[in-house]
Amino acid sequence: MKTIIEPFKIKSVEPIRFTTKDERIKLIQQAGYNPFMLHADDVLIDLLTDSGTSAMSSKQWAGIMDGDESYAGSKSFYRFEDAVKKITGLKYIIPTHQGRAAEKILFSTVGGPGKYFPNNTHFDTTRANIEFTGSEAVDLLNETGKHPEIRADFKGDMDVEKLEGFIKKTGAENIPICFLTVTNNSGGGQPVSMKNIKEVKSVCKKYGIPLFLDACRFAENAYFIKKREKGYADKSILEIAREMFSYADGATMSAKKDALVNIGGFLAVNDASLAQQCRNLLIVTEGFPTYGGLAGRDLEAVAQGLEEILDEHYLQYRIRSIEYMGDKLVAAGVPIIEPPGGHAIYIDAKRFLPEIPPEQFPGQSIVCALYIEGGIRSVEIGSVMFGKYDKDGKLIPPPMELVRLAIPRRVYTQSHIDYVIEVIIEVFKNRHSLKGYKIIYEAPMLRHFTAQFAELN
Ligand code: F0G
């Protein structure tokens, strides 16, 4: 088998700025040891997120020029609506400026105190938008998904038995919607099987609970189904995606991931009355229902991106490039979530730095070291992002301490990735010199974005 190559030529380039290690030691300190506070210009390889960081294609840029900026009834909206309907089959398509805007509108409409929203694992903004309404966000990931070292095909699956138990205990009337996040970002970008989507749907149906997909990375999930699940090898990505959505009563999507754009998102629902309520809120908070917080040109770029993402050559390269990085790290003994997921490598900070306890944020320590060593920006997904406090102010850590290196779509080449691998291995070799951190400032919600840290001795 020959090398799987980047399925594109590069037409426009953006230089990256080199810094020295001494400069980076100062820069990360000035940033309060929080990479969200760094100037992007001081970052060499930016793996903070795969969200909104895609390189758009020449056809998407052409769409930007072609966008219809009419306030109401723009032709770009209808192209966007067609593209979303073609994939999801859902009836009412509501554009939003990004994923969390769709979440905010949905949960403001159906949430509130005393309500519960199960998911395989809620992403941080989803959880925050649910909790903001006074509802509870509940993670029901299958057990295998919680063990980074176990290799399994569909570690994003929901525990269906737990779901049913939870519904019986909580009362279906208190669960307005059940979610499945495809792929499961907070659990390592791991895919959800079609079998699991079907089973979850069947439990939801039994209790009259609508099922929604958090569909940010639906195409990557569909590719995993094609490769790993029996009966899907000969189906196209579009066919698989359509089947996935056929079990859903609605979806939220951040188009900043698998729609290959820098901004955009949508809420899609089948229920006419829910659509109406959401649109009413949309007009107050986002904009008129045919643009919803986006420019016509953005809608054009989303529509084009949704066509391009279904290309199997692209998905093969995408998933293989993440796997390539994972293989090299595993061969060097670096502990990661195995097998690698669809959009990122997740370092298992608990096994990387066993001597640093969760209350000293081992993931944050690795994040800082990767920046200092190689100018690489990554993000902690562990006690900084998801930690809670008990009534005595003691940290309640989440099940995993991870560092995510998310790969922007169509942005970096194989030699960039080789460099990243070298830096990670270098930091791993010197891991015994790494220190823990303490938080010296934190916001009441989503603290990881703005928290400030100090190094412990
Ligand atoms: N759901 C999932 C699974 C996500 O990964 C994200 C964003 C959102 C919802 C919210 O979308 O950013 O457009 O408002 N994830 C980004 C990330 C930020 O880095 O993983 P948004």
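The values are calculated or read from the model by the stated rules, or taken from the named source; none is laboratory data. Remember, predicted model here, so these are calculated numbers, not experimental data. Counting neighbours? That spans all protein chains shown, and the Cβs are built from the backbone with ideal geometry, glycine included. For accessibility, only protein heavy atoms count, side chains too; no ligands or nucleic acids. Shrake-Rupley method; radii C 1.70, N 1.55, O 1.52, S 1.80 Å.
Would you mind working out the magnitude of the charge dipole of the chain relative to its Cα centre, with +1 at each Lys and Arg C-beta and -1 at each Asp and Glu C-beta, to the nearest 20 Debye?
Here the chain has a charge dipole of around 440 debye.
So what are the ³J(HN,Hα) numbers for region 74-80, from phi and the Karplus equation (6.51, -1.76, 1.60; θ = phi - 60°), rounded to whole Hz, Gly and Pro as x?
Calculated HN-Hα couplings, in order: 4, 5, 5, 4, 5, 5, 4 Hz.
Cα centroids of region 58-107 and region 414-451: how far apart, whole angstrom?
36 Å
In Å², and per residue, what accessible area does the chain have when probed at 1.4 Å with the other protein chains present?
42 Å²
Extending each Cα 7 Å along its Cβ direction at Lys2 and Asp327, get the distance between those two points in nm, one decimal.
Each label point lies 7 Å from its Cα, and together they span 1.7 nm.
Would you grab the residues whose amide H sits under 5 Å from the one on Val138? Only those 5+ places off in sequence or on another chain, please, with H modelled 1.01 Å from N.
For Val138, the qualifying residues are Phe117, Asn119.
Give me, ordered by chain and number, the residues 5 or more places off Glu401 or on other chains with an amide H under 5 Å from its own placed amide H.
HN-HN under 5 Å from Glu401: Ala349, Lys350.
Enter the accessible area of Lys226 (Å², nearest 10), with the probe set to 1.4 Å and all protein chains included.
Accessible area, nearest 10 Å²: 20 Å².
Fully extended, how many nm does the chain gain between Asp392 and Ile440 (0.36 nm per residue separation, minus their Cα-Cα distance)?
Working: separation 48, 0.36 × 48 = 17.28 nm, distance 1.79 nm.
The Asp392-Ile440 span can extend by a further 15.5 nm.
Would you calculate a helix-derived [θ] at 222 nm for the chain, using -39,500 (n - 2.57) for each DSSP H run of n ≥ 4 and dividing by the full residue count, to the nearest 500?
Details: 16 runs with 183 residues, N = 457.
Calculated from helices alone, the mean residue ellipticity at 222 nm is -12500 deg cm²/dmol.
What are the ³J(HN,Hα) couplings of region 251-261, residue after residue, when phi is run through the Karplus curve with 6.51, -1.76, 1.60 and θ = phi - 60°? Round to Hz, x for glycine and proline.
Listing the rounded values in order: 7, 10, 9, 8, 5, 5, 9, 6, 9, 6, 10 Hz.
How many nm is it between the label spots at Phe132 and Ser70, if each spot is 7 Å from the Cα in line with the beta carbon?
3.2 nm
Spelling out what I want: for every residue of region 217-229, take phi, set θ = phi - 60°, compute 6.51 cos²θ - 1.76 cosθ + 1.60 (Karplus), and round to whole Hz; glycine and proline get x.
These are the phi-based 3J(HN,Hα) values: 10, 4, 6, 5, 4, 5, 5, 4, 4, 4, 7, 10, 9 Hz.
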